[in-house]
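One structure is given here, and the rest of the page talks about it.
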Amino acid sequence: MSVLVYTESWDGNFRKSTFEAASYACETAKILGTEVIAISLGEVSNDELNKLGNYGVNKVVSFNAIDKGDSQSATKAIAKIANDSSVLIFSNTNTAKMIAPRLSAKLKAGIVSNVITLSESVSPLKVKRQAFSSKAIELATVNSSIAILAIAPNSFKLIETGGNCNIEQDSTNEKGAINIIGKETASGKISISEAEIVVSAGRGLKGPENWGMIEELAELLGAATACSKPVSDIGWRPHGEHVGQTGKAVAADLYFAIGISGAIQHLAGINSSKVIVAINTDPEAPFFKAADYGIVGDAFEVVPKIIEEIKQLRG
Amino acid sequence: MNIVVCISSVPDTTSKINFTENNTKFDSSGIQFVINPNDEFGLTKAMVLKETNGGTLKVITVGDVSTEPIIRKTLAIGADSAVRINKTATDSYTTALEIANYLKDNPADLIIAGKESLDYNGGAVPAMIAEMLDLPFVNACNGLEITGDTAKVSREIDGGKENLSANLPLVIGGQKGLVEESELRIPNMRGIMQARSKPLQVIEASSAEDLTTSISFEKPIEKGACKLVDADNVSELVNLLHNEAKVI
C-alpha cells in the first residue's frame, strides 16, 4: 500500500509545489512504513524525473502521452495504479484540482484539500486544512480506505533526501473529450501562488507608469509581483496579478503590501502569508492591523530606500 | 441550449467566523449569506449565453431550507427555475453525487459551478460532477465562448492561461474572467417580483454516505501588533526583516 504523489510539470520542468508534494508524500510514507510512487503526465526528461528521487520518491511512472489538461484521461491513467495505494498526494494547483476530485469520485476516496500539516493520525486519517479563506483551520477525517490529500502551496518545506528513483515509462495514449489548443504565458514570471516573496501594490501608486520600483524590488528579492483588485480592474496591471477573494491566493513567507488599504476581500487572499509588511500614507489603513511590520509613509519615498538598503545588505 | 448553474450559499466575506458546540459547528447566527462569488460569475455568464443562444437556465443547490433566499435571488437575477436538494452539504462527494444524480435524469448541455466556495474552499465539487457524468471539465475557467455545440474555453494556469475546446456537454469550474465584476447582474424590481412565481423544486436527498467528516475547527494564531517603523528609518525595517523575521 504505497503513497502515490501527482507531480506537475510545465514545459518539461517540475514546479516547486511538486517537490513540496513529494516531500509531504515521503514523510507520510515514513509514517506508514511504505514507499512513494510518483505519477508524471506529459513529456518529461529522465534527468528531470530523476530529481524526484532527491525528495524521497522511490519510483516514478511517466505517462508521457497524457496531457494533464485532459482530466478525463489523466484520471483514467492514474486510477489504474491508484488502487494499490492508501494515500494519494496532490499539490493544490488549478490543474491538480481538475484531476484529484475526479479520482476521488472514481475511486470513492475521500478528498481533503488545502492541507497544511502532516496527518495527525493515519488510521483513520485525520489532517488539518485551511477553510473560510484562511480564517479557520479545520480538522477533517477521511472515512474511505483510500485518502486523497491536496497540499496548500508553501505550507510544507522541501526535504531533500538525496536519492535516485526508478523510472517507468508508460505510453498509454488515451484521449478525453477535450482538445488542448495551447497556452499563453508571460515567460520568466515567478508564480504568485508558489513565490516565497510577493511584492504587491495598489492604487496608492497612482498610475501604471509607477510600477518600475515595484518590479525592481521584486527582481532584487526574487519575488513575484501582485496587485490589488481595483488596480487590475482599471487595467493598470494584468488580471493574473490580482490577489484576493476573487483573485489569486498568496501564502508567501514575506508579503509586501504597498499602497493597498487592506479591504477584507484582499486580506482573505493573503492572510496565510507568514510575514506581512504594509506601507501606506494612511495610518488608519486596515492593512496595519493585519501586518507584522509597517511604515506610515509615502511609497514613492520609502520603496526606493528599501531597494537601496537591501542592495547594501546584499553587498 | 440547457444550462445548469450550481449555486452555493456562503457567509459574506466580511462575516466574523466563529464556531459553536465545542468548536465543531460553524456559528451561523447573525451571518449574512450571499451567493458564492465564484458562482455569481457563472450565473451572469450563463445569462449572457442564454440571451445569445436561447435555451433554459436552471440553478441547483444542495442545502436546507435556509438557502432559499439565495435561490430566490438567483431567480430574481434571471434564472428560469431552481432545484434545491434538501440536504445540508457536509462533504464534497455527497454534494456532487446529489447534483450528478439529478443531472443524469435531467441532462444539461452546459454545467457551470464556481471553482470553489468561499466557506469550506474545497474546490472539489465541479470536477466530481464531471467524473460522475463522464464529461470533460475545465477548472478555473476565465473565458467561455459557445458556437453551436462547440465550446472554446480558457483556464487560468500559473503565469497565464491555457486555451481548450470541447463539444458540449461540458462542466466548467468558473471564476472571475467568465465575466468581469462590473458586468455582474443584480436583481431589479421586476426580477424580484417574477422570482416569486418561478418554479423552485425541492427534492429529497439520497442516503449516500460522506467520504470525509469535519471533526473540529480552530482559529489561526492571531498576529501580534504591527511593529511600526519610522518612514525616515527604512534601514530599521530591512534590519528587522533580515535579523528578526529572517525572511530576506
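Being under 22 Å from B:LYS176 (Cβ atoms), outside the structural domain of A:GLU35 (by TED's automatic domain parsing), crowded, with 19+ Cβ neighbours inside 10 Å and within 19 Å of the chain's Cα centre (by Cα): is that true of A:LYS248 here?
Answer is yes for this residue.
Condition check for A:ARG129 on (1) in contact (Cβ under 8 Å) with a residue 24 or more places away in the chain; (2) under 15 Å from the mean Cα position of the chain (by Cα); (3) surrounded by 24 or more Cβ atoms within 10 Å (Cβ to Cβ); (4) closer than 28 Å to A:HIS266 by Cβ: one failure, at (1).
Determine, yes or no, whether A:SER193 is in contact (Cβ under 8 Å) with a residue 24 or more places away in the chain, at the interface with another protein chain (Cβ under 9 Å from one of its Cβ atoms), outside any helix (DSSP H, G or I) and of a type in the set (Ser, Thr, Tyr).
Values: in contact (Cβ under 8 Å) with a residue 24 or more places away in the chain: yes; at the interface with another protein chain (Cβ under 9 Å from one of its Cβ atoms): yes; outside any helix (DSSP H, G or I): yes; of a type in the set (Ser, Thr, Tyr): yes.
It is true that A:SER193 is in contact (Cβ under 8 Å) with a residue 24 or more places away in the chain, at the interface with another protein chain (Cβ under 9 Å from one of its Cβ atoms), outside any helix (DSSP H, G or I) and of a type in the set (Ser, Thr, Tyr).
Any residue that is away from every other protein chain (no Cβ under 11 Å) and either without any contact (Cβ under 8 Å) to a residue 24 or more places away in the chain or surrounded by fewer than 22 Cβ atoms within 10 Å (Cβ to Cβ) (or both) - is there at least one of those in region A:86-102? Scanning region A:86-102 turns up at least one residue that is away from every other protein chain (no Cβ under 11 Å) and either without any contact (Cβ under 8 Å) to a residue 24 or more places away in the chain or surrounded by fewer than 22 Cβ atoms within 10 Å (Cβ to Cβ) (or both). Here's a check for you: in region A:51-76, which residue that is of a type outside the set (A, V, I, L, M, F, W, C), more than 22 Å from B:SER154 (Cα to Cα) and part of a helix (DSSP H, G or I) is nearest to the other protein chains (Cβ to nearest Cβ)? This residue is A:LYS76.
The residues of region A:227-244 that are within 16 Å of the chain's Cα centre (by Cα) and either without any contact (Cβ under 8 Å) to a residue 40 or more places away in the chain or within 11 Å of another protein chain (Cβ to nearest Cβ) (or both), listed by number, are A:GLY240, A:GLU241, A:HIS242, A:GLY244.
Residue check: A:THR161 meets all listed conditions (1) more than 19 Å from A:GLU8 (Cα to Cα); (2) part of a loop (DSSP other than H, G, I, E, B); (3) over 25 Å from the mean Cα position of the chain (by Cα); (4) more than 10 Å from every other protein chain (Cβ to nearest Cβ) but one, namely (3). Please tell me if A:GLU184 is under 21 Å from A:LYS274 (Cβ atoms) and in contact with a strand residue (DSSP E or B) (Cβ under 6 Å, 6 or more places away or on another chain). For A:GLU184, the condition - under 21 Å from A:LYS274 (Cβ atoms) and in contact with a strand residue (DSSP E or B) (Cβ under 6 Å, 6 or more places away or on another chain) - is not met.
Select from region A:269-283 the residues that are within 16 Å of the chain's Cα centre (by Cα) and either touching a residue at least 60 places away in the same chain (Cβ under 8 Å) or not assigned by TED's automatic domain parsing to the domain that holds A:ARG203 (or both) and list them in ascending order.
Of everything in region A:269-283, those that are within 16 Å of the chain's Cα centre (by Cα) and either touching a residue at least 60 places away in the same chain (Cβ under 8 Å) or not assigned by TED's automatic domain parsing to the domain that holds A:ARG203 (or both) turn out to be A:GLY269, A:ILE270, A:ASN271, A:SER272, A:SER273.
Consider region A:277-307 and keep the residues that are under 16 Å from A:VAL199 (Cα atoms) and more than 8 Å from every other protein chain (Cβ to nearest Cβ). The one that is surrounded by the most Cβ atoms within 10 Å (Cβ to Cβ) is A:ILE279. Does region A:267-283 contain at least one residue that is polar (S, T, N, Q), under 25 Å from A:PHE132 (Cβ atoms) and out of contact with any Ser or Thr (no Cβ under 9 Å at 6 or more places or on another chain)? Checking region A:267-283: at least one residue is polar (S, T, N, Q), under 25 Å from A:PHE132 (Cβ atoms) and out of contact with any Ser or Thr (no Cβ under 9 Å at 6 or more places or on another chain).
The requirement of being more than 22 Å from the chain's Cα centre (by Cα), among the small types (Gly, Ala, Ser) and away from chain A (no Cβ under 11 Å) is not satisfied by B:SER216. Which residues, taken from region A:14-63, are more than 14 Å from A:THR95 (Cβ to Cβ) and among the polar types (S, T, N, Q)? Residues satisfying the conditions are A:SER23, A:THR28, A:THR34, A:SER45, A:ASN46, A:ASN50, A:ASN54, A:ASN58, A:SER62. The number of residues in region B:153-183 that are charged (D, E, K, R), in contact (Cβ under 8 Å) with a residue 24 or more places away in the chain and more than 7 Å from every other protein chain (Cβ to nearest Cβ) comes to 1.
Looking at A:SER155, A:SER119, A:SER200, can you tell me which residue is closer than 30 Å to A:ASP282 by Cα and either assigned to a loop (DSSP other than H, G, I, E, B) or in contact with a strand residue (DSSP E or B) (Cβ under 7 Å, 6 or more places away or on another chain) (or both)?
Details: A:SER155 fails: closer than 30 Å to A:ASP282 by Cα; A:SER119 fails: closer than 30 Å to A:ASP282 by Cα.
The match here is A:SER200.
Of the listed requirements (1) assigned to a loop (DSSP other than H, G, I, E, B); (2) at the interface with chain B (Cβ under 7 Å from one of its Cβ atoms); (3) within 23 Å of the chain's Cα centre (by Cα), A:GLY176 misses just one: (3). One residue stands out in region A:25-40 among those that are part of a helix (DSSP H, G or I) and touching a residue at least 24 places away in the same chain (Cβ under 8 Å): the one that is surrounded by the fewest Cβ atoms within 10 Å (Cβ to Cβ), namely A:ILE31.
Screening the candidates A:ALA224, A:ALA252 for the property of being in contact (Cβ under 8 Å) with a residue 40 or more places away in the chain and either hydrophobic (A, V, I, L, M, F, W, C) or out of contact with any Asp or Glu (no Cβ under 7 Å at 6 or more places or on another chain) (or both) yields one hit, A:ALA252.
The values are calculated or read from the model by the stated rules, or taken from the named source; none is laboratory data. None of these values were measured; they are calculated from a predicted model. Methodologically, a virtual Cβ is constructed for each residue, glycine included, from the backbone with ideal geometry; neighbour enumeration extends over all protein chains shown.
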